[in-house]
Each structure stands twice: as structure tokens, then as C-alpha cells.
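Undergrad: Sending over a structure as C-alpha cells; questions will come in a sec.
Readers should treat all values here as calculations from the given coordinates under stated rules, not as data from a laboratory. Owing to the predicted nature of the structure, the values given are computational and were not obtained by experimental measurement. No Cβ is skipped: glycine too gets one built from the backbone with ideal geometry, and neighbour counts run over all protein chains shown.
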Amino acid sequence: MANTLDLIIDTIRGERIALSETRTKVINFEIESPDPIHTQIERDGINGFLDAGTTFGGRTMRGVFYFDGYDVYDYRLRRNLIYRIFDSAEPFYLTESHLPDRRWLVKVASKYSVEQQYKHGFFEVEFVSPSPYAESIGLPSDDFTFDGLWEFGMGIPYDDFSYEHTTRSFSIWNLGDITVDSRNYIEYMQPLTIQYVGASSGLTMTNRTTGDMWRYNGTSATADVITLEGDRSRKNGTSIYGQTNRGRLRLDPGKNKFEITGTNGDFRILFDFRFLYI
């Protein structure tokens, strides 16, 4: 991995730009800590307060940059290119080259100025993410090889693990820092997706680790595909939410032990989602 820090921008339309390829250097890039929002209940005549829980706001990060033009005319082309790269009409993903395994969904927080020094441009940009968490670039459906998608320090266990199973009891590893919960994912972030392929009657999935249970009160045939995506439930693309217990499955960090009942014959179950990191 190169020692020089770079930032990679991925648009939601699939375009990828490394700032180094535009002759833009990253002088510094800092991510602020999570922003806790505490809910407190004051009680008349009683000292202190009741702690009613904590949520987190979005995250703020700042970058300091400069770029080189070939001359004063090329400087203006470089400046306008920067404006296009950081166009925040739509959010985009931001990845540090020193942490290539995760990305932030961001927009530019406010306007910024480029200071011209002959053919060089210096500027600072503040980014804001609506999520307090970075998400893994890799998915469980990707190979777990240390080629940029996965790195040491991502919680990958030494034990054998899989996200596709054909037995009624199995474990699913959440390698992230944060519980995989549909409430922790926002637009453009992929929530937990579970696919069950096979026959069933009263299919029930239980995460013994979290105590969560999801149940489908209908039936499925051998070739049917039941999909849970966030809070949605479908069979062959058609909603079956009204025929479920409206349960929500979560994954705590680490190993989650699952049990399935209501299966008829052979089946496959697959889990896919992005891990979340502080």
C-alpha cells in the first residue's frame, strides 16, 4: 500500500475517481468522533436525571488538499474539475486509501474556496455523512481475501465461517462494530438481505443470540425464493409482509446462532449485507 494518502470517490452511478489521478494531493483528512445525542428526563424535586437512551447524529470529516496546474490556464481547468468531482447534488462514497476496506456516504457540507497561488490551488472541504457509521466495501458474497476488500482489523475470525447454509442450525458472523439492524441503515446503504430457497410451511427463522424471530404463515414450493430485505418480506418478488409476524432480524457483532423450522426437504439460505464500523 502506498504511504501517500489518497481519497477515492465513488458516485452512486458507479463512476470511480481517485484524487491522485487528477493531480490533487491530500494534505490531511480527519474524521470527527461520533456525535452522541442523549435523551434525558428531568424530574421535579429530584437531583440528576433519568438516562432515556442515546442515539448518534451524522459524522463530519474534513480534508485539506492542493492541486497543480501546468500553467495558470490549466489551473482553472483543475479548479473546475474539483467542483465537478465534489458536486453534492447527489451523495457519493468516500474512501481513504489507508483504509481501503470501508467507505463513507457523504455530501459536501458547505461551500469552499480555492486559494490560487500562481498555478497551484489550495482548499479545504468539510464533508457530512448522514450515517454515523462507515460501511464495508466488501459483502459476504465476496471472497474473503486480503486484496483491498478486506483488511486485518475487520474482525474476520480464524474459525471457518460461511454466509450460505443448508442446515437448520448455523452461525452467522457480523464482522462489524455495530448491530446489523435495518434502523442503522439509510438510503444507498445495503441492509441485511436474507434469501431462503426451498419448500416450507410456517417457515420460522430465529436468531438465538439476539432473541429475534421472523415467521411466515404461508407456504413455499421447492423453487420459490423468500427474501427478507430490511423490514420487507417477499416471495418471488411479491410482498408477503402481511402474512408474517412482522418481525425484524438483527445481527449482533460477533457470532450469531440461528435456528430454522418449518422447512420441507432440501433448502438453501443466504445472507448478504454490509458491515458497519465506527
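Undergrad: Which of the pairs 107/257; 25/107; 25/111 have their Cα atoms more than 28 Å apart in this structure?
TA: Values: 107/257 37 Å; 25/107 20 Å; 25/111 20 Å.
Over 28 Å Cα-Cα: 107/257.
Undergrad: Moving to a separate point now. Please list, ordered by chain and number, the residues whose modelled amide H lies under 5 Å from the amide H of residue 264; skip anything fewer than 5 residues away on the same chain.
TA: For residue 264, whose amide H was placed from the backbone, the distant partners under 5 Å are 199, 200, 201.
Undergrad: Pull up all non-local amide H partners of residue 224: gap of 5 or more, or a different chain, and H-to-H distance under 5 Å with H placed in the peptide plane.
TA: 198
Undergrad: Right, here's the next one. Ranked by Cβ crowding within 10 angstrom, fewest neighbours first, how are 72, 64 ordered?
TA: Details: 72 10, 64 14.
Ascending number of Cβ neighbours within 10 Å: 72, 64.
Undergrad: Quick one: order 170, 258, 273, 49 by neighbouring beta-carbon count within 10 Å, fewest to most.
TA: Working: 170 18, 258 22, 273 25, 49 12.
So the ranking, lowest neighbour count to highest, is 49, 170, 258, 273.
Undergrad: For a quick check, take a GNM of the chain with Cα springs below 10 Å and name the residue from 194, 46, 37 with the largest mean-square fluctuation.
TA: So, out of 194, 46, 37, the one fluctuating most is 46.
Undergrad: Would you mind checking which residues have amide H under 5 Å from residue 6's amide H? H placed 1.01 Å from N; only 5 or more apart, or other chain.
TA: Counting only residues 5 or more places away or on other chains, the set is 97, 98.
Undergrad: If the elastic network links every pair of Cα atoms under 10 Å, which of 43, 59, 234 fluctuates the most in the Gaussian network model of the chain?
TA: Looking only at 43, 59, 234, the biggest GNM fluctuation is shown by 43.
Undergrad: Here's a follow-up. Largest first, please: the extent of the C-alpha atoms of the range 25-139 along each principal axis, to the nearest Å.
TA: Principal axes ranked by extent give 70, 37, 25 Å for the Cα atoms.
Undergrad: Something else about it: By count of other Cβ within 10 Å, fewest leading, how are 277, 73 ordered? Could you put the intermediate results ahead of the total?
TA: On the way: 277 18, 73 9.
Ordered by Cβ neighbours within 10 Å, fewest first: 73, 277.
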